[in-house]
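**Student:** Here it is, the structure in full.
The values are calculated or read from the model by the stated rules, or taken from the named source; none is laboratory data. Quick caveat, the model's predicted, so the values are computed rather than measured. Reconstructed Cβ throughout: ideal geometry from the backbone, glycine too, with neighbour counts over all protein chains shown. Just so you know, the surface numbers come from the protein's heavy atoms only, side chains and all, with ligands and any DNA or RNA stripped out. Shrake-Rupley method; radii C 1.70, N 1.55, O 1.52, S 1.80 Å.
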Amino acid sequence: MAVFLNAVLAKRYANPSSDVIEILAGLDNDTVLLDLVGVLDAAIKNGRILLVRKGAVRVALAIISGAYQTVLVSYFTQKDLFPSLIKLVQDLEDPAELQEPLVLIVLLANHNKFEMHNPYHVRLEDFANEPTIQKTAMSIGKACMTLRDRYIAIQEDAPASWSIGSTLSYIGLKRPTTPVHSEEEAKTLFAEQPGSGVAILLAAYEFAHANKLFCFAFVDTSAGEKIKTAALSYYLSLMSYLFQHAHRSVRASLYAHLSLFTLQILIEEPTIAKQMCENSSPVRLCRQRPPFLPLFSGDRPLAATMLDVIVDGINHNLRKRLDTDFYILSIGILLRMIIYLSKTHTRMSYHWSELWRSLLAFVRFVTAYVDDLKNVPDTDRLIHDLLSLLTFAMTTGEAFLPDPASYDDLFYKLVETGETLTKLRDVYSLDKSSSSTSINTLIGVSTHYTALIEEQKAKSKSLSPREISKIIKQGYETFSIETREGLDRWDKYREADHKATLKKIARVAVADAKVLVS
């Protein structure tokens, strides 16, 4: 039946809704379709063996993915399949087998949700069965690990010096025998990634957006198996590979945006942010393209790993036709994380120097390619958010950086970027914009410390790093930083703000679901 429906629904029709109903049931006998949905519901819930129940899911998924833009989906909203699908999720033992029922649930929950009341979306909001939610979260995590391994199968990026033991410390990882591809072959294979199973990322997003219990389960390290690992660990691992290759296709880019929406939802909830700072897991991050962040192979806070994933995304997606939405989301997540750390005085161990280096390299990029970027939508907003992030970090660094040396390093890097900051202000006319206070504060700090350093250089031709650090500390006493109100505020995530992008993502996920059942 699934094969038959795939074939029927793959064809193009002048009037898709009426033509498909005419073929399957006859326009005068569409109650057959309601009966079909009822039979599928019963089979999913009470099929005599699991094979029958899973087969019924595939038939339903074939209909939904093949007729997503037709009225056929409305037959599934008239008959609520959610309880039957959840019962199947509870009964299945292999996490890999949960993928199709979960994708079916979220496709149904997504259908016309901006235009009308969607009963499946309400079901997600009200769902409170904690063991099933934990099982769902871990199933999504394991699916992410499988998708991640497809990237590794194209190009092994584990450091050669690692031992088998240290490699296996990356949860579930076994070193595959990876063929060596030519540059062109690898480029083609990477462009085909991620696999069609990536539609599961829509499940992560929908559950996280609708259900706070899922958010807790997603970052929980106590729900793992032998080794305590959060589902988010696997998710972040896939994100690092997806972000490094997001530029290769529109499809990959859309899923990268979707994952950023999910991370923003998680980080905006203070209790979830707290868990991400406290819960630690080992996470394998992508090292397939330079520049590389420092290698970290042991347990570390999930929040630190998330920062690495975002920084890697910033470093690896620099293009003249910049994906400003990707960068606005990335900068926004960094700002929310640092605001949380600052307000709670959480001094998280992290290579902060790499974060400042990447952000200031991005400042140099947008300054150098002003002619290309001025015509790219939302560039002004991106620059505003970037400068707000740097200003907030500089004015509150004492509250979240682990030691004075880390704070000094931020100031020194700003001093090094002084000329670029001045040029940035001039080429984008920032002194007449909402970014004027932030850019002038940064330039003021850089100018102040540059003058102090030049004054000392006049006495001594060369200055050691220790002497420069001493000058920076002295500069704290002779310079007052004007803090701008509102830097620690952000707008809560709203689906309506990203309606167009989410609709594109849903269409891509539907296409991937078709591949899953074809």
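**Student:** Find all pairs meeting these conditions: Cβ atoms under 6 angstrom apart; at least six residues apart or on different chains; first residue within segment 293-304 and farther than 16 Å from residue 273 by Cβ and open to solvent by 50 Å² or more (accessible area, probe 1.4 Å); second residue assigned to a loop (DSSP other than H, G, I, E, B) and not charged (D, E, K, R).
**Tutor:** 294/351; 299/282
**Student:** Collect the residues in segment 306-357 that are small (Gly, Ala, Ser) and part of a helix (DSSP H, G or I), keeping them in residue-number order.
**Tutor:** Residues satisfying the conditions are 313, 330, 332, 342, 353.
**Student:** For segment 69-155, which helices (runs of 4 or more DSSP H) that fit wholly inside it have 3 or more residues that are small (Gly, Ala, Ser) and at negative phi?
**Tutor:** In segment 69-155, the matching helices (runs of 4 or more DSSP H) lie at 130-154.
**Student:** Find all pairs meeting these conditions: Cβ atoms under 7 angstrom apart; at least six residues apart or on different chains; first residue within segment 428-452 and at pLDDT below 90; second residue aromatic (Phe, Trp, Tyr) and open to solvent by less than 40 Å² (accessible area, probe 1.4 Å).
**Tutor:** Close Cβ pairs (under 7 Å, with a partner that is aromatic (Phe, Trp, Tyr) and open to solvent by less than 40 Å² (accessible area, probe 1.4 Å)) amount to 445/411; 449/411.
**Student:** Same structure again: Name the residues in segment 313-328 that are open to solvent by 10 Å² or more (accessible area, probe 1.4 Å) and either in contact with a strand residue (DSSP E or B) (Cβ under 9 Å, 6 or more places away or on another chain) or over 19 Å from residue 374 (Cα atoms) (or both), would you?
**Tutor:** 315, the sole residue that qualifies.
**Student:** The conditions are (1) more than 21 Å from residue 488 (Cβ to Cβ); (2) out of contact with any Lys or Arg (no Cβ under 7 Å at 6 or more places or on another chain); (3) surrounded by fewer than 19 Cβ atoms within 10 Å (Cβ to Cβ), and residue 376 fails exactly one of them. Which is it?
**Tutor:** (2)
Yes/no per residue for (1) surrounded by 14 or more Cβ atoms within 10 Å (Cβ to Cβ); (2) closer than 20 Å to residue 132 by Cα:
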position: 6; (1), (2): yes, no
position: 23; (1), (2): no, no
position: 27; (1), (2): no, no
position: 54; (1), (2): yes, yes
position: 82; (1), (2): yes, yes
position: 85; (1), (2): yes, yes
position: 92; (1), (2): yes, yes
position: 98; (1), (2): yes, yes
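**Student:** Quick check on segment 283-292: of everything there that is open to solvent by 50 Å² or more (accessible area, probe 1.4 Å) and touching a residue at least 24 places away in the same chain (Cβ under 8 Å), which residue is farthest from residue 155 (Cα to Cα)?
**Tutor:** 291
**Student:** So, in segment 466-481, exactly how many residues are surrounded by fewer than 11 Cβ atoms within 10 Å (Cβ to Cβ) and modelled with pLDDT under 70?
**Tutor:** Number satisfying all stated conditions: 3.
**Student:** Within segment 211-223, restricting attention to residues that are open to solvent by 20 Å² or more (accessible area, probe 1.4 Å) and in a helix (DSSP H, G or I), which residue is nearest to residue 279 (Cα to Cα)?
**Tutor:** Ranking the qualifying residues of segment 211-223, first place goes to 216.
**Student:** Do you know which residues across segment 264-274 are open to solvent by 40 Å² or more (accessible area, probe 1.4 Å) and assigned to a helix (DSSP H, G or I)?
**Tutor:** 270, 271, 274
**Student:** Another question about this same structure. If I ask for residues that are part of a loop (DSSP other than H, G, I, E, B) and buried (at least 18 other Cβ atoms within 10 Å of the Cβ), which ones from segment 240-263 would you list?
**Tutor:** Hit for segment 240-263 is 245, nothing else.
**Student:** Let me ask something else. Cβ-Cβ under 6 Å, sequence separation 6+ or interchain: first residue in segment 1-14 and over 16 Å from residue 513 (Cβ atoms), partner open to solvent by less than 60 Å² (accessible area, probe 1.4 Å). Which pairs?
**Tutor:** The qualifying pairs are 1/59; 13/19.
**Student:** Filter segment 47-62 for residues that are of a type in the set (Lys, Arg) and over 31 Å from the mean Cα position of the chain (by Cα); which is modelled with the lowest pLDDT?
**Tutor:** 48
**Student:** Another question, then. Scan segment 502-509 and give yes if some residue there is among the β-branched types (Val, Ile, Thr), within 39 Å of the chain's Cα centre (by Cα), within 25 Å of residue 199 (Cα to Cα) and at pLDDT 70 or above, otherwise no.
**Tutor:** Looking through segment 502-509, at least one residue is among the β-branched types (Val, Ile, Thr), within 39 Å of the chain's Cα centre (by Cα), within 25 Å of residue 199 (Cα to Cα) and at pLDDT 70 or above.
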